[in-house]
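The values are calculated or read from the model by the stated rules, or taken from the named source; none is laboratory data. What you see is a predicted model; the values in this text were computed from it and never measured. Reconstructed Cβ throughout: ideal geometry from the backbone, glycine too, with neighbour counts over all protein chains shown.
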Amino acid sequence: MSAQNLTFSGHDDQPLDAVIDWPAEPLRGFALFAHCFTCGKDLFAARQIARALAGKGIACVRFDFSGVGRRASQPELAGFTHDLDDLVAVYEQMRERFQAPALLVGHSLGGAAVLAAAHRMPDVSAVVTVGAPFDPGHVSHLIPHAARDEISERGFSEVRLGGRQIKVRDGFLESISNHDAEVNIGRLLKALLVMHAPNDEIVEIDNAARIYAAAKHPKSFVSLDSADHLLSRRNDALYAAEVIAAWSSRYLPAAEAVDAPADRVVVRETNAGIYQQLIHAEGHRLIADEPESVGGDNTGASPYGLLGAALGACTSMTLRMYAERKKIALDHVEVTVRHQKIHAADCERCDSQTGKVDEFVREIRLTGTLTDEQRQSLLKIADRCPVHQTLERSNQIVTALSV
């Protein structure tokens with residue numbers, strides 16, 4: 001997976017900063033993410049959702065609405081109608097530059113925006129709202145009464161919102177009050193997932209109930225339990241991201257099969273982070289990475305982790321084959337593998353006594369009605385696992401540059 005900075009043109013040709021999170025491959029489709037009121041595309045929850053979608057083969061675009069991005073020296077709320085026009089403008093430019101998004105995801109007021117704009121996006125097949133208000137006018141309660149009085153008198157007011165000083169104009173208040181949510185949701189005619197936390201203190205759970213009631217099937221609701229409105233806790237953001245990625249997969253086409261030789265393993269860089277690799281092995285896809293402690297992103301198992309997994313899986317399969325052939329009542333096998341470097345002098349079975357060698361410590365747990373003799377024969381057969389024998393033998397690695 002990799003992230004690419006982009007610029008789109010907004011409703012009034014104002015540049016909109018954006019990021020597209022690309023899947024490693026293969027590509028299943030595109031998603032468009034609308035951020036929460038005053039937040040921005042780089043909110044932690046937005047990044048996690050986009051990344052989870054990319055992990056499912058869905059390229060996700062997230063952008064800053066007019067007036068609230070990094071380009072704005074003086075942040076200003078452009079208006080809900082302008083947000084809808086920005087969404088549609090980005091949708092149309094995605095269709096021209098890449099492919100029209102099939103999935104819309106909106107957080108908080110961004111959720112109300114995708115519900116209101118979805119009928120203008122014919123290629124969208126599924127919509128997700130996270131902590132969204134039923135009525136866009138709900139956000140007006142976040143603007144103090146004194147500020148609203150000033151807006152009535154001067155046409156604008158400087159308001160502290162989301163930790164930022166933002167200019168709110170009378171056009172914004174007018175725009176959030178001129179939308180019929182019941183009509184917008186009723187004409188959605190797309191699959192809908194409503195996600196909301198029961199104890200959301202910013203947008204009450206009743207909003208989710210009203211959205212769900214107004215929508216037609218297919219529709220789903222998922223509770224975010226104890227999450228706060230911004231999904232600021234890592235586990236809450238990751239949970240929401242995983243659910244959205246899994247749910248949306250039902251409404252996107254399957255990825256095209258990758259033409260990778262079945263008789264070899266092909267490993268390619270994904271250009272996401274420093275070390276992440278995409279592995280094609282016998283028709284299967286795996287992600288490899290390094291842990292954060294050595295500069296990786298920990299998005300997949302390390303090379304040694306995969307090597308240990310190969311030994312453990314081979315051991316368990318070998319034991320199962322033997323038990324089936326010998327009619328042994330083996331109910332379950334669990335293999336734990338630890339890898340470490342040890343001094344050769346501490347290795348009883350090593351030929352060399354200098355330097356360090358790799359040691360794989362394997363622990364095998366056997367469950368079933370087994371005699372002591374059967375346990376010992378299973379333990380002995382574990383050493384006949386082909387990967388075990390490969391690791392213990394002298395091996396040859398032939399390397400050549402490919403044109």
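Collect the residues in segment 1-56 that are part of a loop (DSSP other than H, G, I, E, B), within 23 Å of G296 (Cα to Cα) and in contact (Cβ under 8 Å) with a residue 60 or more places away in the chain, keeping them in residue-number order.
Let us first name the residues in segment 1-56 that are part of a loop (DSSP other than H, G, I, E, B), namely 1, 10-14, 23-28, 35-43, 56.
Now restrict to residues that are within 23 Å of G296 (Cα to Cα): 1, 23-26, 42-43, 56.
Passing the criteria: M1, A24, E25, P26, L43, K56.
Which of the residues spanning segment 367-392 are within 18 Å of G308 (Cβ to Cβ) and free of Cβ contacts under 8 Å to residues at least 24 places away in the same chain?
D383, Q389, T390, E392, listed by residue number.
Counting just the residues of segment 22-57 that are touching a Gly at 6+ places or on another chain (Cβ under 7 Å) and modelled with pLDDT under 90, which one comes out surrounded by the most Cβ atoms within 10 Å (Cβ to Cβ)?
Only one residue tops the list, namely C36.
In this structure, is R325 assigned by TED's automatic domain parsing to the domain that holds R384, on the phi < 0 side of the Ramachandran plot and free of Cβ contacts under 8 Å to residues at least 12 places away in the same chain?
Working: assigned by TED's automatic domain parsing to the domain that holds R384: yes; on the phi < 0 side of the Ramachandran plot: yes; free of Cβ contacts under 8 Å to residues at least 12 places away in the same chain: yes.
It is true that R325 is assigned by TED's automatic domain parsing to the domain that holds R384, on the phi < 0 side of the Ramachandran plot and free of Cβ contacts under 8 Å to residues at least 12 places away in the same chain.
May I ask you to list the residues in segment 3-44 that are over 18 Å from the mean Cα position of the chain (by Cα) and among the hydrophobic types (A, V, I, L, M, F, W, C)?
Selection gives L6, F8, L16, F37, C39.
In this structure, is K190 at pLDDT 75 or above and in contact with a Ser or Thr (Cβ under 7 Å, 6 or more places away or on another chain)?
So K190 passes the test.
So which of N184, N178 ends up being within 17 Å of T81 (Cβ to Cβ), modelled with pLDDT under 85 and assigned by TED's automatic domain parsing to the domain that holds G131?
N178
Mind counting the residues in segment 376-390 that are assigned to a loop (DSSP other than H, G, I, E, B) and over 37 Å from the mean Cα position of the chain (by Cα)?
Number satisfying all stated conditions: 2.
Residue-wise test of (1) touching a residue at least 24 places away in the same chain (Cβ under 8 Å); (2) surrounded by 17 or more Cβ atoms within 10 Å (Cβ to Cβ); (3) not in a strand (DSSP E or B).
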position: M195; (1), (2), (3): yes, yes, no
position: P198; (1), (2), (3): yes, no, yes
position: Y212; (1), (2), (3): no, yes, yes
position: E242; (1), (2), (3): yes, no, yes
position: D263; (1), (2), (3): no, no, yes
position: L278; (1), (2), (3): yes, yes, no
position: L286; (1), (2), (3): no, no, no
position: N298; (1), (2), (3): no, no, yes
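Yes or no: segment 45-64 includes at least one residue that is under 25 Å from R234 (Cα atoms), outside the structural domain of R285 (by TED's automatic domain parsing) and over 14 Å from the mean Cα position of the chain (by Cα).
Yes; the residues of segment 45-64 include at least one that is under 25 Å from R234 (Cα atoms), outside the structural domain of R285 (by TED's automatic domain parsing) and over 14 Å from the mean Cα position of the chain (by Cα).
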